[in-house]
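Take a look at the structure set out below.
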Amino acid sequence: MIPSIDLRRQYQAIKAEIDQAVARVLESGWFILGPEVSAFEEEFARFCGAGFGVGVGSGTEALHLALVACGVKPGDEVITVPNTAVATVAAIEAAGAVPVLVDIHPQSYTIDISKIETKITPRTAAILPVHLFGQAADMDTILALARDHGMKVIEDTCQAHGASYKGRRVGSLGDAGCFSFYPTKNLGAYGDGGMVVTNDAKIAERVRRLRNYGWQERDFSVVKGFNSRLDELQAAILRVKLKELEGWNQGRRQRAQRYDELLQGTGIITPCEMAYGQHVYHLYVVRTRHRKELKEFLKSHGVMTSIHYPIPVHLQPAYADLGLGPGSLPVAEEHASQILSLPIFPELPWEGVAKVASLIGEFYQHSP
Ligand SMILES: *Cc1c(COP(=O)(O)O)cnc(C)c1O
């Protein structure tokens, strides 16, 4: 049996340190906005090559608060993609803004930079590229367009902890980078969590207020805020895990490379690592015209797979009001019908990689 992800195996490997960190917080009696969160904010911002980090309640909240802190107002337009967690678009709407969806590049699966400019209007306040599956979007053009049109760039880095673009880590490239620490992410907590990283002290300060009732100091609200905080337990756990992140990402990259080699010539379309950066393979996503059959075949042999994401945001019932029907974003829609996420995690045994690949080879030999 090969699961798509195995979080228990990871915990077993670092159990002593995690248990110690948890005990330290429980014994301290300090659970919200304390020394663990401050230390983790500093450590994670440094990891990203950013000046500031502000811990928040989730990746969705990181996006929402970053948009507000960047000055995105109700009625503004924010450009993003349809092939993402619905959370990306939910965060834009939580800020009162209107999501404007752009189709994706057929190889990188990230925003198609050639299709952004025609969607810019006088109301476009920001571009929100998603570094999908662990790979950076092509940031140079995005940053140049933002500069030329006076727009902000908010990176959705929820799937790309440690990925790089032209030698720089994602999250530090735009005005703000928004991370999720949902348990399955490359850096995952044991609950919900998120962070905004930025090189702009003012944006950091605004997010800091917004996450805690708009307080400038205790019981003194200077803006209308929210309650969206990373807690001390999660921060202490994440500090332990952050030390492993580079090694884990390396483990993911090595397994992806092995899949690439073993799947060559089978007929399946493997992921493309763009020359401009380093992929961290949050997911290893292949494409096939026989997805349903392949998924079932793998399952019948004990290999679990998943689909990220089966329905693009614009075709979700909740987002029918975007007015984008089938056929409006053809590349994203075609991919949604073909993509399949194979098992990938740093502890995935090599025999597991080999087994998945050989099953795929077998499947293709017998499929039309
Ligand atoms: C996970 C994820 C989010 C949301 O993060 P949560 O912590 O679950 O709120 C947003 N965008 C992308 C691309 C994600 O993968």
How many angstrom lie between the Cα centre of region 110-185 and the Cα centre of region 325-341? 21 Å
Quick one: net charge of residue 275's neighbours, Cβ under 14 Å, K/R +1, D/E -1? -2
Which of 41, 27 is most accessible, then next, and so on - probe 1.4 Å: 27, 41
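Using helices alone, I'd like the mean residue ellipticity at 222 nm for the chain: each DSSP H run of four-plus residues gives -39500 (n - 2.57), total over residue count, nearest 500. Mind showing how you got there, number by number?
Working: 10 runs with 145 residues, N = 368.
Result for the chain: -13000 deg cm²/dmol, rounded to the nearest 500.
Pulled fully out, how much extra length does the chain show between residue 331 and residue 17, if you take 0.36 nm times their separation in residues and subtract their Cα-Cα distance?
That pair, residue 331 and residue 17, stretches by 108.6 nm at full extension.
Using a ≥ b ≥ c from the Cα gyration tensor of the chain (square roots of the eigenvalues), is it rounded, prolate or oblate, where a/c under 1.5 gives rounded and otherwise the larger of a/b and b/c decides, a/b for prolate?
On the way: a/c = 1.99, a/b = 1.21, b/c = 1.65.
Oblate, because a/c is 1.5 or more while a/b does not exceed b/c.
What does the charge count near residue 66 come to, summing +1 for each Lys or Arg and -1 for each Asp or Glu among other residues with Cβ under 10 Å from its Cβ? Walk me through the numbers on the way to the answer.
Numbers: positive: 152, 206; negative: 61, 155, 156, 175.
Around residue 66, the charge tally is -2.
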Just the number, please: carbon plus sulfur as a percent of the accessible area of the chain, 1.4 Å probe, no ligands or DNA/RNA counted. 52 percent
Within the under-13-Å Cβ sphere about residue 351, not counting residue 351, Lys/Arg +1 and Asp/Glu -1 give a net charge of +2
Mind checking which of 216, 12, 264 has the largest fluctuation in a GNM of the chain, springs on alpha carbons under 10 Å? 12
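The values are calculated or read from the model by the stated rules, or taken from the named source; none is laboratory data. Just so it is clear, the structure is predicted and the values come from calculations on it, not from any experiment. Because the Cβ atoms are built from the backbone with ideal geometry, glycine has one as well, and the counts that use them run over all protein chains shown. All accessible areas refer to the heavy atoms of the entire protein, side chains included, with ligands and DNA or RNA removed. Shrake-Rupley method; radii C 1.70, N 1.55, O 1.52, S 1.80 Å.
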